[in-house]
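Here the structure comes first, spelled out in C-alpha cells, and everything after it is commentary.
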Amino acid sequence: MITFNKPPYVGRELDYIKKAIANQKISGDGEFTAKCTAWLEKDCGGQSQVLLTTSCTHALEMAALLLDIQPGDEIIMPAYTFVSTADAFVLRGAKIVFVDIRPDTNNIDETRIEEAITKKTRAIVPVHYAGVSCEMDTIMAIARRHHLAVVEDAAQGVHAYYKGRTLGTIGDIGCYSFHETKNYSMGEGGAVILNHPEYREEAEIIREKGTNRSRFFRGEIDKYTWVDKGSSYLPSDMNAAYLWAQLEKADDINDNRLASWKRYYDGLKDLQDAGRIGLPVVPEGCVHNAHMFYIKAKDLEERTALINQMKGAGIQSIFHYIPLHTAPEGKKVGVFSGEDRYTTRESERILRLPMYYQLSPKDVDRTIAEIHQFYKEH
Ligand SMILES: *Cc1c(COP(=O)(O)O)cnc(C)c1O
C-alpha cells in the first residue's frame with residue numbers, strides 16, 4: 001500500500017525530546033522552542049518576529065485577536081481552503097466573504113477581491129495553496145488602498161518564497177502549520193509570524209493567557225499579572241524538540257520532496273500535453289516547497305473512477321477541500337462574492353497523490369504508471 005502521507009521523521013527527534021525532559025522544561029518556551037524560533041526568524045529574512053503556537057488554527061486565532069476583529073466585521077478569503085482559515089475569524093463574530101479562486105494555482109483570484117470589499121471589510125486572508133504563493137503584490141496594493149490588514153494563511157507555505165520574500169512575511173501577520181501532514185512537523189503545532197514590531201508585546205500576552213509572563217521570564221519586570229485578554233497558545237517544548245530535528249534537516253526534507261514532485265511532473269507531462277489532465281502551475285517568481293502534488297481530472301466522475309482504480313492498485317490518492325460556502329456552517333457565517341466560476345469546478349477535479357519525506361522513486365513511478373493505465377483505458 002502506498003499511503004498518501006507519512007509524518008516526517010529524520011532520526012534525532014527522540015534524542016531531542018529526551019533532552020527537553022532532561023532540561024526539566026517540558027512546558028512552553030524552553031531550549032527547543034528558542035532554537036526553532038531562531039531558525040524560523042532567519043528563514044523569514046530576519047525582520048519578522050516568530051512565536052511558536054499549538055497549531056496554525058491557533059496562530060490564525062491570535063491574528064484575529066491582534067487585529068481586534070469584532071462581530072459584523074467582514075473577512076475576505078477563498079472558499080477553497082481548510083475550515084480553520086474561516087473558523088478563527090468566525091469565533092470573533094466575523095462574517096466571511098468568499099472570493100473565487102484562480103484555476104491555475106487554486107489560490108484566491110486577486111482580480112475579484114476589490115469588488116468584495118465593503119465598509120465593513122477588515123482583512124484579506126490569502127491562502128498559499130500547496131506552498132505556491134498567491135499574487136501578493138496585487139493583494140498588498142489592494143489592502144493598502146483600502147486600509148485592510150492582510151493575514152497570510154501560509155500553513156502549507158513554510159520555506160517557500162514569492163519574489164525573494166518568505167511566505168508569511170509579506171502580509172501583516174503570517175500563520176504556519178507544523179501538523180503531521182505538513183512538510184515540517186511537531187505533531188500538532190504552528191507559528192505566528194509578526195511583521196510589525198508593535199504586535200510583539202500584545203502577541204506575547206495573548207499567547208500567555210493574557211499575562212505578561214514572557215516579559216517576566218526575560219527579567220524585564222519583577223512579577224507577572226493579568227493585563228489583557230488571552231488564551232494558551234504556546235506548545236510544549238517536547239513538541240518543539242521534535243520540530244527542531246526537522247528544521248535542522250530542512251534542506252534535506254525540502255530537496256527530497258522537490259525531487260518527488262519533479263519526478264511526478266516529468267512522468268505525467270505527456271498526459272497534460274495530450275489534454276487529458278491538468279498539472280500544478282507555479283507562476284514566475286514563486287519558489288514552492290513541494291508541499292503537495294496533485295493532478296486535475298476532467299471532472300468529478302472521472303476523478304472518482306481514478307481514485308477507485310488507484311485504491312484497487314494499493315495507492316491512496318485523495319481529494320481535498322469541499323468549498324466552505326457549500327458547507328452547513330459556511331452557509332450560516334459566509335457569503336460568496338460574485339460568481340463561483342472555478343471554486344467548485346476545480347475542487348471537484350483535484351486529486352492529490354502520495355507525497356511525503358522519503359517517498360521512494362519506485363512508488364512515485366508505480367503511481368505514475370497507474371495513472372497512465374487509467375487514461376489508456378478511458
Ligand atoms: C493545515 C492547514 C491549516 C490548519 O493547520 P493546523 O496546524 O492543523 O491547525 C490551516 N490552513 C491551511 C490552508 C492548512 O493547510
query = What about V192, is it in a strand (DSSP E or B) and surrounded by fewer than 24 Cβ atoms within 10 Å (Cβ to Cβ)?
reply = no
query = Conditions: (1) farther than 20 Å from V150 by Cβ; (2) surrounded by 24 or more Cβ atoms within 10 Å (Cβ to Cβ); (3) among the small types (G, A, S). A86 meets all but one. Number of the miss?
reply = (1)
query = Can you tell which of R12, R102, R92 is more than 30 Å from E329 (Cβ to Cβ) and among the charged types (D, E, K, R)?
reply = R12
task = Exactly one condition in (1) among the hydroxyl-bearing types (S, T, Y); (2) crowded, with 21+ Cβ neighbours inside 10 Å; (3) within 11 Å of the ligand (Cβ to nearest atom) is not met by Y162; state its number.
result = (3)
task = Would you tally the residues in the stretch 253-276 being under 20 Å from the mean Cα position of the chain (by Cα) and not polar (S, T, N, Q)?
result = 5
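Taking L306 as the residue in question, decide whether it is more than 25 Å from D252 (Cα to Cα), in contact (Cβ under 8 Å) with a residue 24 or more places away in the chain and among the hydrophobic types (A, V, I, L, M, F, W, C).
It is true that L306 is more than 25 Å from D252 (Cα to Cα), in contact (Cβ under 8 Å) with a residue 24 or more places away in the chain and among the hydrophobic types (A, V, I, L, M, F, W, C).
Wholly within the stretch 15-115, which strands (runs of 3 or more DSSP E) include no fewer than the required count, namely at least 1 residues that are closer than 17 Å to A155 by Cα?
Filter on the stretch 15-115 gives 49-53, 74-78.
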ask   = Any idea how many residues of the stretch 304-316 are surrounded by fewer than 20 Cβ atoms within 10 Å (Cβ to Cβ) and in contact with a strand residue (DSSP E or B) (Cβ under 8 Å, 6 or more places away or on another chain)?
value = 3
message = For the stretch 260-303, give me each residue that is surrounded by fewer than 20 Cβ atoms within 10 Å (Cβ to Cβ) and in contact with a Ser or Thr (Cβ under 7 Å, 6 or more places away or on another chain).
response = V281, P283
query = Out of all the residues in the stretch 317-341, which are crowded, with 17+ Cβ neighbours inside 10 Å and of a type in the set (S, T, Y)?
reply = S317, Y321, S337
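Table: residues versus (1) in contact (Cβ under 8 Å) with a residue 40 or more places away in the chain; (2) within 18 Å of Y161 (Cα to Cα); (3) touching a strand residue (DSSP E or B) at 6+ places or on another chain (Cβ under 8 Å).
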| residue | (1), (2), (3) |
| --- | --- |
| D237 | yes, no, no |
| Y242 | yes, no, no |
| K249 | yes, no, no |
| L279 | no, no, yes |
| H291 | yes, yes, no |
| Y294 | yes, no, yes |
request  = Could you tell me whether any residue of the stretch 111-123 is away from the ligand (no atom under 16 Å from the Cβ), touching a helix residue (DSSP H, G or I) at 6+ places or on another chain (Cβ under 9 Å) and among the hydrophobic types (A, V, I, L, M, F, W, C)?
outcome  = yes
query = For G157, all conditions in the list (1) of a type outside the set (K, R); (2) more than 10 Å from the ligand (Cβ to nearest atom); (3) crowded, with 24+ Cβ neighbours inside 10 Å; (4) assigned to a loop (DSSP other than H, G, I, E, B) hold save one; what is the number of the exception?
reply = (2)
message = Quick check on my filter: what residues within the stretch 308-337 are closer than 25 Å to T81 by Cβ and of a type in the set (K, R)?
response = K331, K332
request  = Return a yes/no flag: does the stretch 126-134 have any residue that is in a strand (DSSP E or B), at negative phi, within 14 Å of the ligand (Cβ to nearest atom) and not hydroxyl-bearing (S, T, Y).
outcome  = yes
message = Looking at M77 and the list (1) within 21 Å of K229 (Cα to Cα); (2) crowded, with 24+ Cβ neighbours inside 10 Å, which single condition is not satisfied?
response = (1)
message = So if I check each of T138, T181, which one is surrounded by fewer than 21 Cβ atoms within 10 Å (Cβ to Cβ), in a loop (DSSP other than H, G, I, E, B) and hydroxyl-bearing (S, T, Y)?
response = T181
task = Check R257 against each of (1) basic (K, R); (2) closer than 13 Å to L51 by Cβ; (3) surrounded by 22 or more Cβ atoms within 10 Å (Cβ to Cβ) and name the one condition it does not meet.
result = (2)
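Computed from the coordinates by the stated procedures, all read-outs in this text should not be read as laboratory data. Everything quoted here is computed from the prediction, not taken from an experiment. Cβ atoms come from the backbone with ideal geometry, glycine included; neighbour counts cover every protein chain shown.
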